[in-house]
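Engineer: Have a look at the structure that comes next, please.
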Amino acid sequence: MITKIDHIAIAVQNLESALETFRNVIGCAGEAIRIEEVASEKVRVAFITVGETKIELLEPLSDESPIAKFIAKNGDGMHHIALQTDDINKETERLESLNIKPLSLPKEGAGGKKIMFLHPKETNKVLIEFAQKKH
Ligand code: CO
């Protein structure tokens, strides 16, 4: 079951400068922000909590990062929407039964969550992430 929008992600070339911009836009305090590195995706990530959901800023750590490739093509901008699910395996099966193919099997993402993506061509050119909380 999908329970909420977990986060909306924005690809950025410079995390510090984007963080300052979005802190000012949202008007949030430092405790609303969490920064971490996700080695598997070669990115540095800042999560800004906004009520029940979050804004995720994604900065590439190498030219090999999928985010670096995205920025090279599009510049900074909206990258994906993440839906929170209580059971990512069940969700994957449900999607496959509708002939919607995930890009990969669920893998570990930021915050130790299990995540998987759908190809944007399946979803009106919007990259969709499914995320299941660590139990
Ligand atoms: Co995400």
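Engineer: For Lys90 and His119, what does the FRET efficiency come to when R0 = 25 Å and r is the distance between their Cβ atoms, rounded to the nearest 0.05? The partial results should precede the final answer.
Structural biologist: On the way: r = 20 Å, r/R0 = 0.81.
For Lys90 and His119, the calculated efficiency is 0.80.
Engineer: Over the chain, with the other protein chains present, what is the accessible area per residue in square angstrom, probe 1.4 angstrom? Numbers along the way, then the final one.
Structural biologist: On the way: 7830 Å² over 135 residues.
Per-residue value: 58 Å².
Engineer: Right, something else. Name the trypsin sites (Lys or Arg not before Pro) in the range 96-132 that are in a loop by DSSP and that have at most 16 other C-beta atoms within 10 Å, would you? Don't jump to the answer; show the numbers that get you there.
Structural biologist: Details: sites: Lys107, Lys113, Lys114, Lys121, Lys125; in loops: Lys113, Lys125.
Within the range 96-132, the qualifying trypsin sites (Lys or Arg not before Pro) (loop, at most 16 other Cβ atoms within 10 Å) are Lys125.
Engineer: At a Förster radius of 22 Å, what calculated FRET efficiency corresponds to the Cβ-Cβ distance of Lys107 and Gln13, to the nearest 0.05? Write out the running numbers ahead of the final one.
Structural biologist: Working: r = 25 Å, r/R0 = 1.14.
Once rounded, the FRET efficiency stands at 0.30.
Engineer: When the C-alpha atoms of the range 1-83 are aligned to their principal axes, what extent does each axis show, in angstrom, from largest down?
Structural biologist: Dimensions of the range 1-83 along the principal axes of its Cα atoms: 34, 33, 22 Å.
Engineer: Then there's this: Let's see if you can work this out: charge +1 on each Lys and Arg Cβ, -1 on each Asp and Glu Cβ, no other charges. What is the dipole magnitude of the chain about its Cα centre, in debye to the nearest 20?
Structural biologist: Using only the charged Cβ atoms, the result is roughly 280 debye.
Engineer: Return the whole-Å distance between the Cα centroid of the range 59-106 and the Cα centroid of the range 12-26.
Structural biologist: 22
Engineer: Compute and list, largest first, the equivalent-ellipsoid semi-axes of the range 45-135 from the alpha carbon gyration tensor, each √(5λ) rounded to a whole angstrom.
Structural biologist: Values: eigenvalues 96, 61, 30 Å².
Each semi-axis is √(5λ); the values are 22, 17, 12 Å.
Engineer: Taking N as the number of residues in the range 26-68, what is its Cα Rg relative to 2.2 N^0.38 Å?
Structural biologist: Ratio of Cα Rg to 2.2 N^0.38 Å: 1.27.
The values are calculated or read from the model by the stated rules, or taken from the named source; none is laboratory data. This one's a predicted model, so the numbers in the text were calculated from it and none came from an experiment. Note that each Cβ is placed from the backbone with ideal geometry, even for glycine, and that neighbours are counted across all protein chains shown. Surface accessibility is based on the protein's heavy atoms, side chains included, excluding ligands, DNA and RNA. Shrake-Rupley method; radii C 1.70, N 1.55, O 1.52, S 1.80 Å.
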